[in-house]
Amino acid sequence: MMRYVIVTMLLLSALFTQAACKSAPKFSEIQDKDWYLIEVRHLPEEIVFDRHTLKEEGFDTIFTLRFDNVDQRINGIGAPNNYFAPYALSDKQGIAIKPIASTLMVAIHEPEKLKERDYFTYLQNVNRWNLSEGNLQLYSVGEDGVEVIMTFIASDRK
């Protein structure tokens, strides 16, 4: 009986050690890469944007994001404007994106499901980031107070 208790305790100890060693993603893993927005989800489950729709509408090069390591700025392409803004990291995967500056091109045609101003609002309201299965997730809040998750894919996986 004592042997089973010892074996069980060793197995539990190994499991706890493995769980404790699992490290949180590092922000350096997302910096200096080009990211493409693939999904915007309003919680609890409503998907309001899907990149496949963009391809069908001929908008494959919009809604991009890059976190520059040296300048501590984001930049990318909205729909259709180029944009940039400083960002600041905080504890436990916290992040704040400052007000966005952009070029002032007029959109002749915008995707139906996601307008550029909404994309910029979501970015400016980001409060947390995560890497999940190689995809970047930014957690935000819309103007209506609904929680939003923006999911991006790295350009090398696109």
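For the reader, a short list of remarks on this structure follows.
- Meets criteria (basic (K, R), at pLDDT 95 or above and either over 21 Å from D34 (Cβ atoms) or touching a Pro at 6+ places or on another chain (Cβ under 6 Å) (or both)) for R117: no
- Selected residue (only one of I153, I108, I149, I97 is among the aliphatic types (A, V, I, L, M), buried (at least 16 other Cβ atoms within 10 Å of the Cβ) and touching a Pro at 6+ places or on another chain (Cβ under 9 Å)): I97
- Residues of region 62-114 satisfying the condition of being within 16 Å of L37 (Cβ to Cβ), over 16 Å from the mean Cα position of the chain (by Cα) and charged (D, E, K, R): E110, E112, K113
- Test: E147 is under 28 Å from K26 (Cα atoms) and at pLDDT 85 or above: yes
- Some residue of region 126-140 being without any contact (Cβ under 8 Å) to a residue 24 or more places away in the chain, among the aromatic types (F, W, Y) and within 23 Å of E29 (Cβ to Cβ): yes
- Selection from region 73-96 of residues that are of a type outside the set (K, R) and under 21 Å from A24 (Cα atoms): Y87, A88, L89, S90, D91, Q93, G94, I95, A96
The values are calculated or read from the model by the stated rules, or taken from the named source; none is laboratory data. Note that the structure is a prediction, hence the values are computed from the model and not measured. A quick note on method: Cβ atoms are made from the backbone with ideal geometry, for glycine too, and the neighbour counts reach across all protein chains shown.
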